[in-house]
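Enquirer: So that we are looking at the same thing, I have put the structure below in structure tokens.
The values are calculated or read from the model by the stated rules, or taken from the named source; none is laboratory data. In this text the structure is predicted, and so the values were computed from the model without any measurement. Cβ: placed from backbone, ideal geometry, glycine included. Neighbour counts: every protein chain shown. The accessibility values were calculated without ligands, DNA or RNA, using every heavy atom of the protein model including side chains. Shrake-Rupley method; radii C 1.70, N 1.55, O 1.52, S 1.80 Å.
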Amino acid sequence: MAEPTVGAGYARGLLEFAAAKGASRAALFDKSGIQPAALQDQDARIPFRKYVALMRAAKALTGDSALALHYGEAVDIAEVSIIGLIGQASETMTEAFAQLNRYVRLIVETDNEGAGDRFRIAVDRGGLWMLDNRTNADDFPELTESAFAQLVCGPRRFDETPFVKAVHVTHAAPPHVAEYERIFRAPIVFGSDRNGFLIDQTWASHRVARLPRYVFGVLTEHADELLKSLEGSKSVRGRVESLLIPVLHTGNASMDVVAGKLGVSRQTLFRKLKAEGVTFERVLNELRHRMATDYLGARKVSVNETAYLVGFSEPAAFSRAFKRWTGSSPRAMRAAGGGRET
């Protein structure tokens, strides 16, 4: 199974939140192993393990044991993921919940019970439950904390009507129990047999519709494309690209390095890529081409900076490669956008 990933926008949101609370950005990058370039594209992906390291570093550097709860409480998911915008364009909470389940992998990929949906609605003697089906949740309870805080605090931004009657989590009570009580405003059960909320029956019909309805179609179309891209990343080529992106600027984007990170030999990686009809050199070359085009098209960095970001030590070598890829010079593309070229 391919390594699970987290949306770069979600990780960047956490990093910025921790920095605002006093954590050093440099220390957060260093301790998490995340390269700053890996967070530039909102829709890019980073390994889940690096997100875990980022969260734990953020807690340590801020001295806030409840940082995950506070992140979920304070940061509007619409600011860090397209899923939040889709939720705001939904008619009701029922539709918003359905879209969350459909696209939640764009925020974070998880292993779920029975390989099913991340969330589900269930009814028992206690009432109506919204349950999180993530397996091994206690290995990283911070994800439960941030997700639950977002699910509860997000709707409060447009409707203060209480809908959570109780919160159950499988992990043990942490030092910051008081923050659970303050944020959720409902009884909390730690060490439960489930992760979920007991919710009011009227929850399903609560209206959302904070954005014009036509926006819903535009957003879901883009989200569907992102899901397709995410599925494509499960190919060997996709996994190689995900490992190359953070190290391109270091000039250390070699086949041996990538094979080592994948835990296979160079020969095995060669065979796996060949089975998909590509070579390592082609994957690297096409990735550089695609990223260079994106950087120049966005007009946020210069030609020389772009050369560095995609792994060229000499701007002249980058210019020759770019002309080979596109038939035009990077300066011509950059100038066409009206940006700086030096």
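Enquirer: So in region 150-172, with the set limited to residues that are aliphatic (A, V, I, L, M) and assigned to a helix (DSSP H, G or I), which one is least open to solvent (accessible area, probe 1.4 Å)?
Expert: Among those that are aliphatic (A, V, I, L, M) and assigned to a helix (DSSP H, G or I), it is 152.
Enquirer: Still on this structure, I have one more. Looking at (1) farther than 23 Å from residue 308 by Cα; (2) assigned to a helix (DSSP H, G or I), which one does residue 64 not meet, given that it meets all the others?
Expert: (2)
Enquirer: Give 74, 60 a once-over and let me know the one that is touching a Phe, Trp or Tyr at 6+ places or on another chain (Cβ under 8 Å) and open to solvent by 20 Å² or more (accessible area, probe 1.4 Å).
Expert: Within the list 74, 60, the selection yields 74.
Enquirer: Looking only at region 243-259, decide whether some residue is at pLDDT below 80, of a type in the set (Gly, Ala, Ser) and not in a loop (DSSP other than H, G, I, E, B).
Expert: Within region 243-259, not a single residue is at pLDDT below 80, of a type in the set (Gly, Ala, Ser) and not in a loop (DSSP other than H, G, I, E, B).
Enquirer: If you take the residues in region 1-28 that are hydrophobic (A, V, I, L, M, F, W, C), closer than 30 Å to residue 235 by Cα and open to solvent by 10 Å² or more (accessible area, probe 1.4 Å), which one is modelled with the highest pLDDT?
Expert: Ranking the candidates gives 2 first.
Enquirer: Which members of region 259-275 meet the condition of being loosely packed, with under 13 Cβ neighbours inside 10 Å and either of a type in the set (A, V, I, L, M) or in contact (Cβ under 8 Å) with a residue 24 or more places away in the chain (or both)?
Expert: Within region 259-275, just 275 meets the criteria.
Enquirer: Out of region 173-206, which residues are part of a helix (DSSP H, G or I), among the acidic types (Asp, Glu) and either in contact (Cβ under 8 Å) with a residue 12 or more places away in the chain or closer than 18 Å to residue 136 by Cβ (or both)? Steps first, answer last, please.
Expert: Within region 173-206, the first condition is being part of a helix (DSSP H, G or I), and the residues that meet it are 177-184, 201-205.
Narrowing further to those that are among the acidic types (Asp, Glu): 179, 181.
Of everything in region 173-206, just one residue is part of a helix (DSSP H, G or I), among the acidic types (Asp, Glu) and either in contact (Cβ under 8 Å) with a residue 12 or more places away in the chain or closer than 18 Å to residue 136 by Cβ (or both), namely 179.
Enquirer: Output the residue which, of all residues in region 67-102 that are of a type in the set (D, E, K, R) and part of a loop (DSSP other than H, G, I, E, B), is nearest to residue 11 (Cα to Cα).
Expert: Narrowing region 67-102 to residues of a type in the set (D, E, K, R): 73, 76, 79, 91, 95, 102.
Filter again for part of a loop (DSSP other than H, G, I, E, B), leaving 76, 91.
Working: 76: 13, 91: 28 Å.
In this case the residue turns out to be 76.
Enquirer: Follow-up. Might you let me know whether region 40-51 holds any residue that is aliphatic (A, V, I, L, M), within 23 Å of residue 182 (Cβ to Cβ) and either free of Cβ contacts under 8 Å to residues at least 24 places away in the same chain or out of contact with any Lys or Arg (no Cβ under 8 Å at 6 or more places or on another chain) (or both)?
Expert: Checking region 40-51: not a single residue is aliphatic (A, V, I, L, M), within 23 Å of residue 182 (Cβ to Cβ) and either free of Cβ contacts under 8 Å to residues at least 24 places away in the same chain or out of contact with any Lys or Arg (no Cβ under 8 Å at 6 or more places or on another chain) (or both).
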